[in-house]
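Only one structure is covered here, and it is reproduced in the block below.
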4 protein chains.
Amino acid sequence: MGILNHYSVQVDWGDCDPAGIVFYPNFYRWMDRGFWLLFESRSLTLEALKRRFGVFGGPLVDTSATFVSPARMGDELTVTSCIDDWSRKSFRLRHEFTCKDKEIASGFETRVWGVKKADGAIRAGIIPDEVKALFS
Amino acid sequence: MGILNHYSVQVDWGDCDPAGIVFYPNFYRWMDRGFWLLFESRSLTLEALKRRFGVFGGPLVDTSATFVSPARMGDELTVTSCIDDWSRKSFRLRHEFTCKDKEIASGFETRVWGVKKADGAIRAGIIPDEVKALFS
Amino acid sequence: MGILNHYSVQVDWGDCDPAGIVFYPNFYRWMDRGFWLLFESRSLTLEALKRRFGVFGGPLVDTSATFVSPARMGDELTVTSCIDDWSRKSFRLRHEFTCKDKEIASGFETRVWGVKKADGAIRAGIIPDEVKALFS
Amino acid sequence: MGILNHYSVQVDWGDCDPAGIVFYPNFYRWMDRGFWLLFESRSLTLEALKRRFGVFGGPLVDTSATFVSPARMGDELTVTSCIDDWSRKSFRLRHEFTCKDKEIASGFETRVWGVKKADGAIRAGIIPDEVKALFS
């Protein structure tokens, strides 16, 4: 699995819907945070990505999530993120949500290595080996 | 495919991230809206669902989305939703996002028929045939 | 009052909290949308603002809102926006939310005219008279 | 000022708009979180509020915020919340946002003591003295 990053999020009142459980798009918001925090844990902040690699974010190609148990206001969730697959220009993240060892949800994000081209557009570039090495 | 529902959403400033494109969890927010509007188009509002079937929403089991082209502020998206699979206690929705005939994204939501039990908990119940008939 | 802009928003499931009413930060999201749509109604899209005036958005200085009646899922809200005060480098918007003539909420946003400087920073610039004229 | 509560929030990619700064409604989301965490710090969780006082949240009457410096992705904000005014049925919270001692924003929320009535509606009730005492 390589490098793992963990962070905690406490479910807010505003994260929940009229059924009293987390409105599901918020899990994707937390997966996105998991991606950035995983990279940050390897010193790859947005600033460093831009400066060292001309990379401006990791645009999404595919995402998915499976919901096992509902989470409610005040629940303390642990989000565990890792990269579980590298391709030439894209990579796949796996995120797991638990609450006191109970499984809440899990999901995937496939992202491309978003290089800014001369015309300002962001396109998939080849992921440098040194980046891959940081996560192994 | 059965009954389709279409609605439009104009991408807001606040829907977009520092790369200037839609922050992807918003697509899931719009898929959720697509689910409710599809049901509403068959007179199945939240109120009617509660009154007629004791159903309180459609909790999610699985969701996924594929992103083809970025959408930006001001883009007028058409969201087309349908139910493309019925099981005994769950059903799958398909949502497509287009902008002037250009494909933007598509996704799936698998939801259960969320019946409120005597203890207040919401569990998967058997989907009535008359509900399935409304979408065929 | 000058030029008014109206738009409609149907309250979504995901806009509401566990009390079943709109989670209040969403009213500010809708006020922000009201600002952009008011400007767009005078042909001042983000694109036009950048091209004609080097203006990149209208950064906020102050905002406030008063909540009169709760709004619930499915409610069709009308948002009415206008500029009710112009200063040299800033202006104040007034937004009103109604639902079938019932008052729901109202609020203010004070924004500056956000000019992009040579160093990339966005600072308050002097609002051109031709812009003010478009709203009178 | 009475009891203060502090918490930290790191600005996410998804909290920021195309100008690269926090989309302002998020500050209200964080003020709402500040309210709940302040109450929780006095053992007044949502669960305790319901059980002990029949109170289901603190519906908003008025909110406002002033923005001093923009916050960007990765900024670590400290949110300091307190109750700065008590009325018979309502109270006012003050929230301050700082980033490494730099002032970012501040705001107010006036909330009522939301008691659930026999008909299910939530109305303003008289705030018990023992609650007020917890914050002095």
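So how many residues does segment B:1-23 have that are out of contact with any Gly (no Cβ under 8 Å at 6 or more places or on another chain) and either surrounded by 22 or more Cβ atoms within 10 Å (Cβ to Cβ) or within 11 Å of another protein chain (Cβ to nearest Cβ) (or both)?
So the answer is 8.
Based on this model, can you work out whether residue D:35 counts as at pLDDT 95 or above, under 20 Å from residue A:74 (Cβ atoms) and either not β-branched (Val, Ile, Thr) or not in a loop (DSSP other than H, G, I, E, B) (or both)? Step through it out loud before you land on a result.
Working: at pLDDT 95 or above: yes; under 20 Å from residue A:74 (Cβ atoms): yes; either not β-branched (Val, Ile, Thr) or not in a loop (DSSP other than H, G, I, E, B) (or both): yes.
Yes; evaluated as a whole, the condition is true for this residue.
Tally time: how many residues in segment D:114-123 are out of contact with any helix residue (DSSP H, G or I) (no Cβ under 8 Å at 6 or more places or on another chain), in contact (Cβ under 8 Å) with a residue 60 or more places away in the chain and more than 10 Å from chain C (Cβ to nearest Cβ)?
Going through segment D:114-123 one residue at a time, the tally reaches 0.
Mind checking whether some residue in segment D:23-36 is farther than 22 Å from residue C:29 by Cβ, of a type in the set (A, V, I, L, M, F, W, C) and without any contact (Cβ under 8 Å) to a residue 60 or more places away in the chain?
Taking every residue of segment D:23-36 in turn, none turns out to be farther than 22 Å from residue C:29 by Cβ, of a type in the set (A, V, I, L, M, F, W, C) and without any contact (Cβ under 8 Å) to a residue 60 or more places away in the chain.
Restricting to segment B:46-88, what's the tally of residues that are within 30 Å of residue C:57 (Cβ to Cβ) and not in a strand (DSSP E or B)?
7
Taking the residues in segment A:24-48 that are of a type in the set (A, V, I, L, M) and crowded, with 19+ Cβ neighbours inside 10 Å as candidates, determine which candidate is nearest to the other protein chains (Cβ to nearest Cβ).
As a first pass, look at segment A:24-48 and keep what is of a type in the set (A, V, I, L, M): A:31, A:37-38, A:44, A:46, A:48.
When the remaining residues are screened for being crowded, with 19+ Cβ neighbours inside 10 Å, the result is A:31, A:38, A:46.
Working: A:31: 8, A:38: 13, A:46: 6 Å.
It comes out as A:46.
For segment D:39-63, what are the residues that are among the aromatic types (Phe, Trp, Tyr), within 22 Å of residue C:65 (Cβ to Cβ) and over 12 Å from the mean Cα position of the chain (by Cα)?
In the first step, residues of segment D:39-63 are kept if they are among the aromatic types (Phe, Trp, Tyr); the result is D:39, D:53, D:56.
From the residues that got through so far, the ones that are within 22 Å of residue C:65 (Cβ to Cβ) too are D:39, D:56.
Answer for segment D:39-63, where residues must be among the aromatic types (Phe, Trp, Tyr), within 22 Å of residue C:65 (Cβ to Cβ) and over 12 Å from the mean Cα position of the chain (by Cα): just D:56.
Could you check, for segment A:1-10, whether at least one of its residues is in contact (Cβ under 8 Å) with a residue 40 or more places away in the chain and either closer than 22 Å to residue B:111 by Cβ or of a type in the set (Lys, Arg) (or both)? Steps first, answer last, please.
Here is the first cut: in segment A:1-10, the residues in contact (Cβ under 8 Å) with a residue 40 or more places away in the chain are A:1-10.
After this cut, where a residue has to be either closer than 22 Å to residue B:111 by Cβ or of a type in the set (Lys, Arg) (or both) as well, the list is none.
No, segment A:1-10 contains no residue that is in contact (Cβ under 8 Å) with a residue 40 or more places away in the chain and either closer than 22 Å to residue B:111 by Cβ or of a type in the set (Lys, Arg) (or both).
May I ask you to list the residues in segment C:99-112 that are in contact (Cβ under 8 Å) with a residue 12 or more places away in the chain and either out of contact with any strand residue (DSSP E or B) (no Cβ under 6 Å at 6 or more places or on another chain) or surrounded by fewer than 18 Cβ atoms within 10 Å (Cβ to Cβ) (or both)? Can you show your working first?
Keep residues of segment C:99-112 that are in contact (Cβ under 8 Å) with a residue 12 or more places away in the chain, which gives C:99-100, C:102-112.
C:99, C:100, C:102, C:103, C:108, listed by residue number.
Can you report the number of residues in segment A:53-98 which are over 18 Å from residue A:112 (Cβ atoms), more than 13 Å from chain B (Cβ to nearest Cβ) and open to solvent by 10 Å² or more (accessible area, probe 1.4 Å)?
So the answer is 8.
Please work out if residue C:76 is over 19 Å from residue C:7 (Cα atoms) and more than 12 Å from the chain's Cα centre (by Cα).
Numbers: over 19 Å from residue C:7 (Cα atoms): no; more than 12 Å from the chain's Cα centre (by Cα): yes.
Spelling it out, it is not the case that residue C:76 is over 19 Å from residue C:7 (Cα atoms) and more than 12 Å from the chain's Cα centre (by Cα).
Take the residues of segment C:99-136 that are touching a Gly at 6+ places or on another chain (Cβ under 9 Å) and β-branched (Val, Ile, Thr): which is nearest to residue C:2 (Cα to Cα)?
So, considering only residues that are touching a Gly at 6+ places or on another chain (Cβ under 9 Å) and β-branched (Val, Ile, Thr), the one nearest to residue C:2 (Cα to Cα) is C:112.
The values are calculated or read from the model by the stated rules, or taken from the named source; none is laboratory data. The structure presented is a predicted model; accordingly, all values stated were derived computationally and were not measured. Every residue, glycine as well, gets a Cβ built from its backbone with ideal geometry; the counts of neighbours run over all protein chains shown. Note: accessible area is taken over every heavy atom of the protein model, side chains too, but ligands, DNA and RNA are not part of it. Shrake-Rupley method; radii C 1.70, N 1.55, O 1.52, S 1.80 Å.
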